[in-house]
Every structure is written in structure tokens, then in C-alpha cells.
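The values are calculated or read from the model by the stated rules, or taken from the named source; none is laboratory data. Every value quoted in this text rests on a predicted model; they were computed, and no experiment measured them. Positions of Cβ are backbone-derived with ideal geometry, glycine not excepted, and every protein chain shown enters the neighbour counts. Accessible surface is based on the protein model in full, side chains and every heavy atom, while ligands, DNA and RNA are left aside. Shrake-Rupley method; radii C 1.70, N 1.55, O 1.52, S 1.80 Å.
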Amino acid sequence: MPGVGSTLLWHEARSRALWAALAADRPITGDTRIQPAYAAPARTNPAGIRVRVDDAAVAAALRADAFVVTDTSAAAPAARPAGPPVIRYAPGREDDAATVAAALPGARLRAVPGHGTTLDVAVGRDPVTVRHVTYDRNVAEGAPVTGDTLGCAGTVGLPAKPAAPAKPAAPAEAAQPAAG
């Protein structure tokens, strides 16, 4: 908002559920009153996934869903292979491949050693439906926790548990001269 800075518009029903959960020290993730369940959740952000697609319509639909798409349909084979789309990716890119697969229900995943960082989608003869995927960092990056289970030792100079009271030191014994 000009002259004001960043603003936030609260969704009334969700904000009431959020504050109630916080007051009760309940997890706030996974509660559909606070955060809706997504039809096609994405493990990683589509905007960071580079994909080559050999079908113009599928390429356009993935691009509209924020994937970084290169349309290679001009070089696609005239005769499509039988079956659903195949997603080829380099080992280590499983989460990105799963995000693309969430957008292409029924797609098969193939890890290819030595494959580059860009994923390849080869569309087969089966009809392809492209679903909208939703990347929500709050859901993708970890399980819910509550304040009583979250140990934050060393954070802001506070220990995770209160320190036990110090025991008084034993009085020093007087040195006895050696008998001789």
C-alpha cells in the first residue's frame, strides 16, 4: 500500500482458528481450518524447476503453473510412445521430479545417471491432464511442532531447560601436619 508499507489482509475464519490453535499450543500446520489441503501439493517450488517438454499444450500448461519451461515440441517424434508421460531427471533431483509428477498425474519417473539439471518430459499417447500444483513452504519444509517439544538450546542465550540449582561447595578441610 503506497505510503504505508506492507499490509496483511486476514482471512477472518482462518485467523480465529490460527489464534485458537496458538493459544492451545496445538500444531498449526495440517489443520484445514487454518490452511486448506491442496489437491496437488508440491515438494519444491515450481518456479525453480527447469523442464523441457516435447508437447506444446503441456509445455504451455506447465509454464502457466510457474515451471521454467522450454518447449521442444518442434523436435518431438511424430509417433508418440505408448503410455503416460515420462519424466527423466538426474539422481538427486527426486523432489523436483515429484513436483513435476504432481502436475502430471500418472506420469512415470526415471532417474538417469549423468542427466543434466533440466528435467525432460516426454509425452506419450495417453491423454495428459495438467493439474495446478501448490508449493507451500510451511507444509513442504517440516512436520508440525509444539512449544513444549521444540528444544532451542543456545537460542537468544536461553537454555532449552532451566539449569539445576548449584550445590554448595564442601568446606575445605584444614591441612593436618604429618606425624613424624
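Contact list please: Cβ distance under 8 Å, first residue in the range 37-65 and under 21 Å from PRO81 (Cα atoms) and part of a loop (DSSP other than H, G, I, E, B), second residue small (Gly, Ala, Ser) and open to solvent by 30 Å² or more (accessible area, probe 1.4 Å), pairs at least six apart or on different chains. The qualifying pairs are ASP54/SER73; ASP54/ALA75; ASP55/SER73. Considering every residue within the range 101-114, establish whether at least one is open to solvent by 40 Å² or more (accessible area, probe 1.4 Å), of a type in the set (Val, Ile, Thr) and at pLDDT 95 or above. Yes: one or more hits. Hey, could you check the range 117-137 for residues that are in contact with a Pro (Cβ under 8 Å, 6 or more places away or on another chain) and of a type in the set (S, T, N, Q) and say which is most open to solvent (accessible area, probe 1.4 Å)? Result: THR129. In the set ALA82, ALA61, ALA98, ALA74, only one residue is aliphatic (A, V, I, L, M), open to solvent by 70 Å² or more (accessible area, probe 1.4 Å) and on the phi < 0 side of the Ramachandran plot; that residue is ALA74. Select from the range 1-47 the residues that are hydroxyl-bearing (Ser, Thr, Tyr) and either modelled with pLDDT of 90 or more or under 18 Å from the mean Cα position of the chain (by Cα) (or both) and write down the one among them that is surrounded by the fewest Cβ atoms within 10 Å (Cβ to Cβ). Here the residue is THR32.
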